[in-house]
1. Among all residue pairs at least 6 apart or on different chains, which show Cβ distances below 8 Å where the first residue, located in the stretch 1481-1495, is touching a residue at least 24 places away in the same chain (Cβ under 8 Å) and part of a loop (DSSP other than H, G, I, E, B) and the second is of a type in the set (Asp, Glu) and open to solvent by 10 Å² or more (accessible area, probe 1.4 Å)?
2. Against the definition (touching a Phe, Trp or Tyr at 6+ places or on another chain (Cβ under 6 Å) and open to solvent by 10 Å² or more (accessible area, probe 1.4 Å)), how does SER1260 come out, yes or no?
3. Against the definition (modelled with pLDDT under 90, surrounded by 17 or more Cβ atoms within 10 Å (Cβ to Cβ) and of a type in the set (Phe, Trp, Tyr)), how does TYR1368 come out, yes or no?
4. When residues of the stretch 609-654 are filtered for being in a loop (DSSP other than H, G, I, E, B) and open to solvent by less than 10 Å² (accessible area, probe 1.4 Å), how many remain?
5. Pairs only if they're at least six apart or on different chains, beta carbon under 7 angstrom, first in the stretch 568-582 and more than 11 Å from GLY529 (Cα to Cα), second of a type in the set (Ser, Thr, Tyr) and at pLDDT below 90; list them, first residue then second.
6. Answer yes or no as to whether LEU1324 is at pLDDT 90 or above, crowded, with 20+ Cβ neighbours inside 10 Å and of a type outside the set (Asp, Glu).
7. Filter the stretch 718-730 for residues that are of a type in the set (A, V, I, L, M, F, W, C), within 22 Å of ASP751 (Cβ to Cβ) and open to solvent by 30 Å² or more (accessible area, probe 1.4 Å); which is nearest to the chain's Cα centre (by Cα)?
8. Among the residues of the stretch 778-798, which ones are charged (D, E, K, R) and buried (at least 24 other Cβ atoms within 10 Å of the Cβ)?
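The values are calculated or read from the model by the stated rules, or taken from the named source; none is laboratory data. Worth saying up front: this structure is predicted, and the values here are computed from it rather than measured. Note: ideal-geometry Cβ built from the backbone for every residue, glycine included; neighbour counts use all protein chains shown. Please note that ligands, DNA and RNA were not included when accessible areas were found on the heavy atoms of the full protein model with its side chains. Shrake-Rupley method; radii C 1.70, N 1.55, O 1.52, S 1.80 Å.
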Amino acid sequence: MAEPAAVSSLPREVREQLAELELELSEDQQERNRVKENFSLSDSSVLCQRIGAKFGLCLTRKEVLLRDITQKGYEKKRAKLLAPYVPQTQGVDPALQKESRPQMPVPSAAPASASSSSSSSKFHRARSGGARDERYRSDIHTEAVQAALAKHKEQKMALPMPTKRRSTFVQSPADACTPPESFSVPPDVTATTSTPSARPAAIDLPPSGIVKGMHKGSNRSSLMDTADGVPVSSRVSTKIQQLLNTLKRPKRPPLKEFFVDDFEEIVEVPQPDPNQPKPEGRQMTPVKGEPLGVVCNWPPALEAALQRWGTTQAKCPCLTALDVTGKPVYTLTYGKLWSRSLKLAYTLLNKLGTKNEPVLKPGDRVALVYPNNDPVMFMVAFYGCLLAEVIPVPIEVPLTRKDAGGQQIGFLLGSCGIALALTTEVCLKGLPKTQNGEIVQFKGWPRLKWVVTDSKYLSKSPKDWQPNISAAGTEPAYIEYKTSKEGSVMGVTVSRVAMLAHCQALSQACNYSEGETIVNVLDFKKDAGLWHGILTNVMNKLHTISVPYSVMKTCPLSWVQRVHAHKAKVALVKCRDLHWAMMAHRDQRDVSLSSLRMLIVTDGANPWSVSSCDAFLSLFQGHGLKPEAICPCATSPEAMTVAIRRPGVPGAPLPGRAILSMNGLSFGVIRVNTEDKNSALTVQDVGHVMPGGMMCIVKPDGPPQLCKTDEIGEICVSSRAGGMMYYGLAGVTKNTFEVIPVSSSGSPVGDVPFVRSGLLGFVGPGSLVFVVGKMDGLLTVSGRRHNADDIVATGLAVESIKTVYRGRIAVFSVSVFYDERIVVVAEQRPDASEEDSFQWMSRVLQAIDSIHQVGVYCLALVPANTLPKTPLGGIHISQTKQHFLEGSLHPCNILMCPHTCVTNLPKPRQKQPGVGPASVMVGNLVAGKRIAQASGRDLGQIEDNDLVKKHQFLTEVLQWRAQATPDHPLFLLLNAKGTTVCTATCLQLHKKAERIASVLCDKGHLNAGDNVVLLYPPGIELITAFYGCLYSGCVPVTVRPPHAQSLVATLPTVRMIVEVSKAACILTTQTLMRLLKSREAAGAVDVKTWPTIIDTDDLPRKRLAQIYKPPTPEMLAYLDFSVSTTGMLTGVKMSHAAVSGLCRAIKLQCELYSSRQIAICLDPYCGLGFVLWCLCSVYSGHQSILIPPMELESNLFLWLSTVSQYKIRDTFCSYSVMELCTKGLGNQVEMLKARGINLSCVRTCVVVAEERPRVSLTQSFSKLFKDIGLSSRAVSTTFGSRVNVAICLQGTSGPDPTTVYVDLKSLRHDRVRLVERGAPQSLLLSESGKILPGVKVVIVNPETKGPLGDSHLGEIWVNSPHTASGYYTIYDNETLQADHFNTRLSFGDAAQTLWARTGYLGFVRRTELTAASGERHDALYVVGALDETLELRGLRYHPIDIETSVSRTHRSIAECAVFTWTNLLVVVVELCGCEQEALDLVPLVTNVVLEEHYLIVGVVVVVDPGVIPINSRGEKQRMHLRDSFLADQLDPIYVAYNM
């Protein structure tokens, strides 16, 4: 067949496949068989180099079994590979040659040549602090990961990088942050104050440019129409676009859709995949180890062995300790060990207390606290305890008062009843002390007495004293601590007989003979280090050289040198020790390992150990290391040594490897990997079952059912040599140490109890044991099992050298939304750049997705050395997980991927089309539900012999009062000190109003009907100006004055209202007049175009010719302008009739008359606040004590002390005022008492609001101030809206406000389902006061306009004499007017009532209480503004519910606001803690919204306190926030884009 012109021009992957084919053919059949049996690495390297050179590749060795291939098969496959390239002999498509580049600057896959670079650079790089954790070293896995990433590169995915403020993280170099692009932006409406730390004064920000009732065309040209008033070039929008593109990718596994009833959202776990592999083998039978040989001179107990060697072989060396440089410093002989242990035993039993009251008795537990570099003192203490028959509990030396996991160690000590700790003098001196020199009380530890065991402090035993050495029985010998997956520490109790039997089994398996030298690099206090180096050592009179961890850090080759120097026969190591020795190998050429008959690799149970073993062998084979000497073993604290490979016969073939499919493993079945070499796991065996033991494999969860032969399960062991119980934990003990396996039918198999080892694996051919992971590292996601170690290995294979500090990666799962979610946390190198880190993170996600077919929920990078450490420096996983869940991990980079991982969301709701209002109504009638409507008292039936009623207009009422009661005080204005600064009697108010009216006519040349803007601070001047306007026939428009400190933010609002209201004149004070014309003002608006400005400070004493009387009550009285929370500027028209009707309704509801006093602490510019401040006193004649809310900022006590001083019965305030008092005075109740403040006089304390009642705030206020007499029944709220400013107000008579708990899930479906208090997903709602007299409400479906039943959530429609007459617009937009103010029900209302739409959702519920009319009381509950609701996944969400959940998640969240943008949910949180906590909030916010609202957060924005704009009514301006975010004006601390 024709050949392509140049092999080198072929795409890389084709060349790789050709090279592989050539490899397969290169050795004849016999050679291949040899490779299968005993894969010689040096041969294969030569072969790889030869073939690699031919194809222009640098091939790395592969530890794979080579497949059989004939010459014919080879040619056939080769022809198939080359077919596409043969026709293009000359011009190979260049696109095929170069790999497609991704948009994201992802570093290309590491060139394969890197792996063959000189070992010197390798060593240098590794020691620099970025070395990979070599427990997971695997060239083959690295290749697999690179191949998987190459696939992803072709998809060209650009992930949006998080936005980070430069100052936030010390770690990030300055140049790593994206500078903001320059473009023109609208005025910064959020920077309302120069100090970002405190929330600015509540300010009404300029509206978003939408005026209700204005035509789209009449929008001011300066407002940008693009993307809802946001510049399109915005950097934020670009990132959101990137995020949306990312989210369009298909999810994996495909999203399962479930049918759901409209009522409930049902979350289901995805059904198992019908194609998943299932076990097919027969049920396994337990596997027996060889019998434990009977050796005639084995001692009856371990203590007897010590006595024998100590008395007969006293000079023989037992243990050699090394100094810091790795040189032998002291050798303990058997004689010394015996004599010193005897002294200690005697001292413990006889010298610590008195003869009658000894401190220790046989059977008591004692803590052994010895450092890792002092094996001699530890060994003496351990055997001293055994001889004294007290039970040693070895633990780590505590370094600080709050060590990672230290509290749990304390729990273990407490549960073991330990009161005594043995230690060395040096160690005791080094423990942390209090100021007076005592050892600190470690967190969670019991009180301990510390005993120093140095020889000089021990008493020599009398000649006649002998320890009691009996034959080994089932009494406890020692307790070894172990930390569970959840972080709790348990004590595994080992009996004397088990300790002896284990030593016998190890002696037989390892073939120990007397006098051998062993080198131990492990921790001698526990596990294999203790079993071989301290216990079996004495049994066989071995000589142990103990190499401490601290020496390994400074001299990694020290253990190899010790083996060489002492001609040691056995070495006990972990993979990391093999790796360190390879790294340091160049430093020492002349070492020999030929003496070693066993190199016991104790973490051979980690599937990734195979690569370290192979690499170490290939390097040290030249130094005499025999291939058969490598002996991996598997251990666990409960089952002790589970299996160990016996030393092989020289020249015999080495055991084979298992190459398993990771996909199969995730389903718990064993499948040889054939299809995708990228997701293969190569595992080596850990030898055979221990002598005298029996092993079975049971299912990891549920009853201990025996697995099938091709199934992965938990390894269980039955032998005399295993743990007997968890000390003091009977329940857990039964499940672990007394397991009787059952068959598939559930019947027990035999009656021999087994011990669960906590290891996952299987028994392979030839009864070889294979371990594929640990139960502690098991992550079960959507029914599939993954191993934490495997995921760490994949993370490390992704070029971690630039990013990850010393390979420190932790993987664990957290339970979020009915499934486990994988979290990966890594330490970031101090010199890693933002770009590198983000790229590494995105590549890790891709690699894990490709190789393990599982999504990562969260990937976090933390600064180097900040993860909690285990005593030997590893990562303390459970503590890390706890920090993550508590929000105290402090990441410096984070990437959340909930969109990819969460595939079990309920199906989005499909609204049923074609269900008309009639059907709904009939449905309600059939179901026996009444139509949801309610009304206040009927005005016609109320008897009030009120003289005011004969006056149609408020101006007439004022004139009448000025004549009838001229000196009656109507208003009293207080300053911050609580002193009266201004008062107004009926006559004074009338006279001042006349003078203002004459000025308007003379100076302003105004005509009746002209609009006049009133720009005053809260006070009496505002009231006089208002009545002055009415007296002259002008229409007043009250506007909040601009804030002198933030003109740029506040003046545009004033300007806009002046423009929209077409004001002919502005009435104001001299100070404000100067401000309006100042240079600063000119910077914010065009000051030349203000209408006439008149200051009313010095008025001429001129009488008004005549007071204007409107021809009809329907004439316009005043305009009420307000910016809604959605950023909509709305002006409504209030007629004289509506004003009188409203004042009368309030008078009746609150029983107001002239002898009464009320205190008002509200803003007087719009809504009910304005009505109470300016209108009600004139109508009802009561006295209003006015307290401007801003005065509370300088005197928090002002409002409450006024109420107390004047003995006020009724007071009105805003939520902002209530919150200020709750937060500011909450801890000063005693001071309030001392000041004599008493609120027992208060009958009603009413919060004026246009929103859902803030129950938690009103309840905390009531609880806080009940100690100063506030009645729990006093606090209530009002409800009003733009169309009708007062619909509900509690008043004096009638039942107390009721509260209900409703189901949040039903509420999203517009259904109301009442639940009990404390029910999950319940929401507490309070009634918004009583409906005012003359007011009727009905609950309506906002889409069909049909009435709804009691159990439904719908829009509140209102009919009343004081409803506003319409929107004030420039071009009367009749459709909006008709729709909002004069609308009819589409069905079921024969009277054809005209309703006004409030724009608020709520429901009516008939209560058991009796209303004033004698009928049952109907309560109205407001749920939230329709404009504010978020429509997501077909459901209706109220921002406040999501915000409440978010605010609860972390103590540092000061405030929170949510909005949506292009169907993405954006959550903005204000951080009141330190900036390093910013990234902790991202996972917490994502978790809580997912758990409680079934929504995935798209973007989390962390900002400074005070950034979320809040208006004068204390409501969040979410749309303003949205616009500022999209225009990139928030200066966020961090923006996280969830994938």
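1. Qualifying pairs under 8 Å: TYR1494/GLU265.
2. Working: touching a Phe, Trp or Tyr at 6+ places or on another chain (Cβ under 6 Å): no; open to solvent by 10 Å² or more (accessible area, probe 1.4 Å): yes.
When the stated conditions are applied, SER1260 does not pass them.
3. Working: modelled with pLDDT under 90: yes; surrounded by 17 or more Cβ atoms within 10 Å (Cβ to Cβ): yes; of a type in the set (Phe, Trp, Tyr): yes.
Yes; evaluated as a whole, the condition is true for this residue.
4. Within the stretch 609-654, the subset in a loop (DSSP other than H, G, I, E, B) is 624-626, 637-639, 645-654.
Retained after the next criterion (residues that are open to solvent by less than 10 Å² (accessible area, probe 1.4 Å)): 625, 638-639.
Of the residues in that region, 3 qualify.
5. Sorted first by the residue in the stretch 568-582, then by its partner, the pairs are CYS575/SER609; CYS575/SER612; LEU578/SER612; HIS579/SER612.
6. Details: at pLDDT 90 or above: yes; crowded, with 20+ Cβ neighbours inside 10 Å: no; of a type outside the set (Asp, Glu): yes.
Answer is no for this residue.
7. From the stretch 718-730, those of a type in the set (A, V, I, L, M, F, W, C) are 721, 724-725, 729-730; that's our starting set.
Next, only the ones that are within 22 Å of ASP751 (Cβ to Cβ) stay: 721, 724-725, 730.
Cutting the leftovers down to open to solvent by 30 Å² or more (accessible area, probe 1.4 Å) gives us 724-725, 730.
Values: MET724: 40, MET725: 37, ALA730: 35 Å.
Restricting to residues being of a type in the set (A, V, I, L, M, F, W, C), within 22 Å of ASP751 (Cβ to Cβ) and open to solvent by 30 Å² or more (accessible area, probe 1.4 Å), the top hit is ALA730.
8. At the first step, the residues of the stretch 778-798 found to be charged (D, E, K, R) are 784-785, 789-790.
Once the filter is applied, which keeps residues that are charged (D, E, K, R) and buried (at least 24 other Cβ atoms within 10 Å of the Cβ), the stretch 778-798 yields only ASP790.
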